[in-house]
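First up is the structure itself, then whatever we jot down about it.
The values are calculated or read from the model by the stated rules, or taken from the named source; none is laboratory data. Since the model is a prediction, treat every value here as computed from it, not as a measurement. Heads up, the Cβs are rebuilt from the backbone with ideal geometry, glycines too, and the neighbour counts pull from every protein chain shown. These accessible areas exclude ligands, DNA and RNA; they are computed on the full protein's heavy atoms, side chains included. Shrake-Rupley method; radii C 1.70, N 1.55, O 1.52, S 1.80 Å.
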Amino acid sequence: MFVAAVARVAFGQGGPPMITDDPGTPGNGKWENNLAIIFEHRPNETSFDAPEIDLNYGVGEHIQLTLQNAPVLLKRSGHGLIGGLGSTEAAVKWRFLDEATSGLDMSMFPRVIFNVVQSSVRRGLAEDGTLFQIPFQAAKTFGRWRADAEFGPLASTIGRSEWLYGIVCGFDVSKPTMLMAELHGTSRMNFTRDVLTLNFGIRQTLTERCIFIGSLGHEVHTPDGDPLAFIGYIGVQLLY
């Protein structure tokens with residue numbers, strides 16, 4: 001998306017359309033909802049989240065409740081288009097440091113990602129098992145530059161546990177326009193078998209309550225020479 005001392009929404013450069021999250025919360029009784037189309041293309045396979053619905057509600061100035069889901073469309077070479085419900089994410093963010101008083105915004109954002117439709121797993125539209133993430137976020141402003149970092153464990157009921165990490169740098173080109181660059185990754189708990197993604201994004205304020213958000217990225221490293229993914233995000237952020 002941030003500080004309680006001034007009782008307002010705190011805005012940073014992480015969060016949608018980037019992969020890395022930031023410490024921002026909407027503010028007490030306020031909504032920050034993201035509606036988007038997301039795609040991922042690999043050789044012989046393309047998937048779309050259309051639309052992804054990301055609902056965020058502020059409880060007090062430091063707490064955010066999140067619920068996220070999307071219908072998924074998948075097209076594989078030589079096969080017809082299939083669709084179904086993707087994984088559901090439920091999360092709670094707690095911002096425990098504010099930059100205005102502590103010199104740094106920091107939060108923790110535990111979340112659970114699960115499937116409400118098991119047929120989506122069998123058809124390749126969602127990952128098997130339940131995922132648990134407990135990442136921490138930190139953000140700081142340097143004039144027109146903003147930096148955000150995230151790091152934490154990712155555990156799964158199926159497969160190995162991993163680390164997730166990311167860093168985003170944003171620059172205010174003008175008052176309504178921010179450009180962003182991101183490096184995001186996951187790795188095994190012994191910091192091997194990294195999957196690294198380079199991503200570039202934009203936030204363009206359209207009105208007081210509507211922001212255009214978009215990004216394009218590409219995996220730059222996968223283990224064992226696995227196919228690299230090209231990813232994209234285009235949507236709007238609604239504030240009310």
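Numerical summary
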read-out	value
Relative contact order (%) - segment 90-131, alpha-carbon pairs under 8 angstrom, separation at least six	32 percent
Selected from VAL220, ALA149, GLY84, residue furthest toward positive end of dipole (segment 68-223; charges at beta carbon)	GLY84
Separation between Cα centres of segment 189-240 and segment 145-161, rounded to whole Å	15 Å
Lys pairs, the chain - Cα-Cα below 28 angstrom, 8 or more residues apart or on other chains	6
Solvent-accessible area, 1.4 Å probe, carbon plus sulfur percent, for the chain	65 percent
Projected label distance in nm at PHE171 and ILE202, using a 7 Å step from Cα toward the beta-carbon	1.5 nm
Within the chain: Cβ-based charge dipole about Cα centre, in debye rounded to nearest 20 (Lys, Arg +1; Asp, Glu -1)	220 debye
Per residue value of the accessible surface for segment 34-153 (all protein chains in place, 1.4 Å probe), Å²	50 Å²
With DNA, RNA and ligands ignored, accessible area of LEU67 (1.4 Å probe; Å², nearest 10)	90 Å²
Label-point separation, ALA155 to GLN118 (7 Å along Cα→Cβ), nm	2.3 nm
Size of electric dipole in segment 110-215: Cβ of Lys, Arg +1 and of Asp, Glu -1, about Cα centre, debye, nearest 20	100 debye
